[in-house]
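Here the structure comes first, spelled out in structure tokens, and everything after it is commentary.
The values are calculated or read from the model by the stated rules, or taken from the named source; none is laboratory data. Note that the coordinates shown come from a computational prediction; the quantities given were computed from them, not determined experimentally. Glycine gets a Cβ as well: all are built from the backbone with ideal geometry, and neighbour counts include every protein chain shown.
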């Protein structure tokens with residue numbers, strides 16, 4: 001019967017496009033990955049890769065079995081995760097990835113409760129860009145993520161909506177748009193837009209708010225905020241990000257002619273069935289999911 005190492009090597013090589021890249025992903029020697037795949041082919045009597053070219057490519061049989069390998073891997077991971085949760089053991093460390101625009105939620109209250117309940121569990125907080133929390137979960141770097149909702153999550157992901165963040169149009173107080181209020185679509189198109197982006201080239205969700213052909217992209221909403229305050233363009237930014245600068249008068253929230261109601265973006269807590277959560281992690285996940293219903297007040 002194929003071993004877990006053989007299945008992992010097969011999947012990694014298929015996804016990475018080479019045995020060397022698979023070895024780097026698995027933190028193993030290339031020879032170990034090659035031998036694992038060769039032994040798997042011998043065990044099942046099927047050639048999985050065509051090695052006639054410089055880079056191995058999946059054979060038709062390999063392509064068909066890749067789907068089965070993914071299903072087998074997921075079943076193994078879910079089995080381990082379930083067993084760990086039944087064991088009732090606490091983790092020694094939990095990693096939480098919190099996107100930079102979601103701090104309007106009462107997260108500090110949750111973290112205080114966690115500290116009191118699990119004082120000996122180390123909590124690591126990461127500060128990813130707009131939707132990079134999903135990649136940290138996928139790679140196993142983080143255990144639980146909080147991020148702006150996206151339409152599609154990778155296979156094996158679970159998510160729960162826990163609130164909303166208000167998105168506001170902002171610019172420098174002396175920007176031409178301030179004198180043009182209420183601002184039309186055409187007037188927005190005549191000025192540079194600063195747009196939130198992330199490191200995943202396949203994620204185009206940020207473009208739903210793209211209006212101007214003259215555009216700069218920013219991974220960090222806080223860097224984008226500084227650019228707005230420097231007069232480099234206008235942007236849609238979340239209320240929690242702009243609150244201090246707005247209070248100091250360093251930027252202006254301008255009125256839109258075509259929009260009569262505020263725009264809200266959903267906030268999701270995300271996790272994956274592929275990684276086991278112990279007692280402390282499961283408590284934290286459930287407590288974060290219980291935030292559901294919090295919405296910024298209009299104004």
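When 145, 156, 161 are checked against the criterion of being buried (at least 18 other Cβ atoms within 10 Å of the Cβ) and in contact with a strand residue (DSSP E or B) (Cβ under 7 Å, 6 or more places away or on another chain), 145 stands alone in meeting it. Of the residues screened, residue 226 is not one that is touching a strand residue (DSSP E or B) at 6+ places or on another chain (Cβ under 7 Å) and surrounded by fewer than 18 Cβ atoms within 10 Å (Cβ to Cβ). With respect to the conditions (1) at pLDDT below 85; (2) surrounded by fewer than 20 Cβ atoms within 10 Å (Cβ to Cβ); (3) closer than 25 Å to residue 159 by Cβ, residue 2 falls short on a single one, namely (3). Among the residues making up the stretch 26-48, those that are in contact with a helix residue (DSSP H, G or I) (Cβ under 6 Å, 6 or more places away or on another chain) and surrounded by 16 or more Cβ atoms within 10 Å (Cβ to Cβ) are 26, 33, 34, 36, 37, 40, 48. Being touching a helix residue (DSSP H, G or I) at 6+ places or on another chain (Cβ under 9 Å), surrounded by 14 or more Cβ atoms within 10 Å (Cβ to Cβ) and either more than 28 Å from residue 161 (Cα to Cα) or modelled with pLDDT under 90 (or both) is a description that applies to residue 212.
Filter the stretch 185-209 down to residues that are at pLDDT 90 or above and loosely packed, with under 13 Cβ neighbours inside 10 Å and give me whichever is farthest from the chain's Cα centre (by Cα). Ranking the candidates gives 186 first.
Matching residues to (1) under 11 Å from the mean Cα position of the chain (by Cα); (2) outside the structural domain of residue 270 (by TED's automatic domain parsing); (3) modelled with pLDDT of 80 or more; (4) at negative phi:
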| position | (1), (2), (3), (4) |
| --- | --- |
| 120 | no, no, yes, yes |
| 131 | yes, no, no, yes |
| 153 | yes, no, no, yes |
| 171 | no, yes, yes, yes |
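For the stretch 29-74, how many residues meet the condition of being farther than 30 Å from residue 275 by Cα and under 33 Å from the mean Cα position of the chain (by Cα)? Final tally of qualifying residues: 3.
Would the stretch 105-114 turn up any residue that is modelled with pLDDT under 85 and under 11 Å from the mean Cα position of the chain (by Cα)? Within the stretch 105-114, none of the residues are modelled with pLDDT under 85 and under 11 Å from the mean Cα position of the chain (by Cα). The test for being part of a loop (DSSP other than H, G, I, E, B) and at pLDDT 85 or above does not hold for residue 33. Of all residues assigned to the stretch 62-85, at least one qualifies as being over 19 Å from residue 145 (Cβ atoms), buried (at least 18 other Cβ atoms within 10 Å of the Cβ), at pLDDT 80 or above and in contact with a strand residue (DSSP E or B) (Cβ under 7 Å, 6 or more places away or on another chain).
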